[in-house]
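Contents: one structure, followed by commentary.
The values are calculated or read from the model by the stated rules, or taken from the named source; none is laboratory data. Model, not experiment: these values are computed from the prediction. Heads up, the Cβs are rebuilt from the backbone with ideal geometry, glycines too, and the neighbour counts pull from every protein chain shown. These area figures cover heavy atoms from the full protein model, side chains too; ligands, DNA and RNA do not enter into them. Shrake-Rupley method; radii C 1.70, N 1.55, O 1.52, S 1.80 Å.
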Amino acid sequence: MKIEFQGPTLPAEGFVAVGIVAERQLTATAAALDQQLKGRLTRAMATSRFRGKRGATLSLLAPTDSGLDG
């Protein structure tokens, strides 16, 4: 497995991890991803127990119309 670290941009394919801090505050990259996903990241957090606490994760599959399903 090859892991690459890049600046705050969204990839065209593959996996993406974005930061969300306490109380569901989106980082700039997470906000850009949420916009590309038409608010689906925000909605997924709202319907889960995820709060952005240390060690917590929230996994999402990229929707077909997101352009990230490579």
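Could you count how many residues in region 41-54 are open to solvent by less than 30 Å² (accessible area, probe 1.4 Å) and of a type outside the set (Gly, Ala, Ser)?
3
Quick check on region 41-66: of everything there that is of a type in the set (A, V, I, L, M, F, W, C) and not in a helix (DSSP H, G or I), which residue is modelled with the lowest pLDDT?
Restricting to residues being of a type in the set (A, V, I, L, M, F, W, C) and not in a helix (DSSP H, G or I), the top hit is ALA62.
Return the residues of region 15-70 that are farther than 24 Å from LYS2 by Cβ and aromatic (Phe, Trp, Tyr); say none if nothing qualifies.
PHE50
Residues of region 21-40 being surrounded by 13 or more Cβ atoms within 10 Å (Cβ to Cβ), in contact (Cβ under 8 Å) with a residue 12 or more places away in the chain and either under 8 Å from the mean Cα position of the chain (by Cα) or assigned to a helix (DSSP H, G or I) (or both), which ones?
If the condition is that a residue be surrounded by 13 or more Cβ atoms within 10 Å (Cβ to Cβ), in contact (Cβ under 8 Å) with a residue 12 or more places away in the chain and either under 8 Å from the mean Cα position of the chain (by Cα) or assigned to a helix (DSSP H, G or I) (or both), then ARG24, THR29, ALA30, ALA32, LEU33, GLN36, ARG40 are the ones that fit.
Among the residues of region 9-20, how many are within 21 Å of ARG54 (Cα to Cα), open to solvent by 50 Å² or more (accessible area, probe 1.4 Å) and out of contact with any Leu (no Cβ under 7 Å at 6 or more places or on another chain)?
Counting residues in region 9-20 that are within 21 Å of ARG54 (Cα to Cα), open to solvent by 50 Å² or more (accessible area, probe 1.4 Å) and out of contact with any Leu (no Cβ under 7 Å at 6 or more places or on another chain) gives 2.
Which numbered condition in (1) touching a helix residue (DSSP H, G or I) at 6+ places or on another chain (Cβ under 9 Å); (2) at positive phi is the only one that GLY39 fails?
That leaves (1) as the condition not met.
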